[in-house]
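No lab work stands behind these numbers, since they all come straight from the coordinates. Everything numeric in this text was worked out from a predicted model, so none of it was measured. For neighbour counting, all protein chains shown are included, and Cβ atoms are generated from backbone atoms with ideal geometry for every residue, glycine included.
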Amino acid sequence: MASISVVVPVFNEESNVKKLHEEIKCVCESNQLNYEIIFVDDGSTDNTLEICKGLEPLIVIEMRKNFGQTAAMDAGIHYASGDYIVTMDGDCQNDPADIPKLITCLEDNGLDVVSGWRKNRQDKFGKKIISRGANLLRTLIVKDHIHDSGCSLKIYKRECFNGLTLYGEQHRFIPALLEMRGYNVGEIVVNHRPRLNGQTKYNWKRTVKGFVDMLSVWFWNRYASRPLHLMGGVGLLFFTVGVICGIWSIVLFASGYKMSNSIMFPLLAVFFIIMGVIMLVFGLISEILMKIYFNTGENEYQKAYSIKEVFVSESNAQEE
């Protein structure tokens, strides 16, 4: 039987971690799963860390400060030892009872990733609107073929993360990143519960960061292997517009038109030609950098976070 690692980033969730841990433990044991639970404390300022250290069985990864949910998730994922990795939020809105369904869907359909779909979301109206808008943009830009990429409740085969390091707000786009690498991605409807304790960590700043990372994923999907196709195309367009403006300036000058009355066209010609050359050169440099990247043996990014300590509960230590 495959083993699973349940990875949960937590930040100021002192009123939720004990209940969530008990639910995960109960589901895993009642389904006779070979499991480990990993809570990643992302610089909590309340009693979250202290409560976590008193739970059994549990592995607690303590970050040196608040690096964000993506960094915490990446730290937990790369520490995990299970054949399957389940990720979920620490606010008790994801239901651990869905874990067996995720495993069954993954195995029965020969998938590498199964993402949860919060079809009946239990969030406030404003958060639902923002989320639906973000999902619409993601569908148009990233095209990852799932309904709810923002749902943290997902299951992955462990090998999905070989050579993959997450940063920014990219935890939302893991299925898209893996789909680009040739992994099979599926989706099932999961239960979503209202937040009963604690405060939501979502705000407009995370929305903006998520949009910027969405553009990064789009670029990586379309032009990572050949950035010259994008930069060179834009450069040629600018260069062509500049040449047209230059030719038109010459025609006006030859026809006796006073150039002092139409200095705009020569200036536009110079501007667009220079911008075109710059974009072409930038595209060539990007092409060279990407060739270096893809020809390097190790393509992992430098870690954007720092782990202070890993606390392993006594029951986990005995098993090892």
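Applying the Karplus parametrisation 6.51 cos²θ - 1.76 cosθ + 1.60 with θ = phi - 60° to the phi angles of segment 25-40, what ³J(HN,Hα) value in whole Hz is obtained for each residue in order, glycine and proline being reported as x?
Running phi through 6.51 cos²θ - 1.76 cosθ + 1.60 with θ = phi - 60° gives 4, 5, 5, 5, 6, 5, 9, 6, 8, 8, 9, 9, 10, 10, 9, 10 Hz.
Treating the beta-carbon of each Lys and Arg as +1 and of each Asp and Glu as -1, no other charges, what is the dipole magnitude of segment 1-134 about its Cα centre, to the nearest 20 debye? The partial results should precede the final answer.
On the way: 14 positive and 22 negative charges, 136 e Å.
About 660 debye.
For Ile285 and Asp108, compute 0.36 nm times the residue count separating them, minus their Cα-Cα distance, and round to one decimal in nm.
Length gained between Ile285 and Asp108: 59.2 nm.
Based on the mean of other beta carbon atoms within 10 Å per residue, what is the order of 52-64, 146-158, most packed first? Let's see the in-between values first.
Working: 52-64: 18.9, 146-158: 22.6.
Packing proxy ranking, top to bottom: 146-158, 52-64.
Per 0.36 nm of contour for each residue apart, how much would the distance between Lys308 and Asp46 grow if the chain were fully extended, relative to their Cα-Cα spacing?
Stretched out fully, the Lys308 to Asp46 stretch lengthens by 92.6 nm.
Report, in debye and to the nearest 20, how large the dipole of segment 59-99 comes out about its Cα centre when Lys and Arg carry +1 and Asp and Glu carry -1 on their Cβ.
Using only the charged Cβ atoms, the result is roughly 300 debye.
For the residues His145, His21, what sequence is obtained by ranking on other C-beta atoms within 10 Å, fewest first?
His145, His21
Report the full-extension gain for the segment Ile250 to Glu159: residue separation times 0.36 nm, less the Cα-Cα distance, to one decimal in nm.
Separation in residues times 0.36 nm, less the Cα-Cα distance, equals 26.6 nm.
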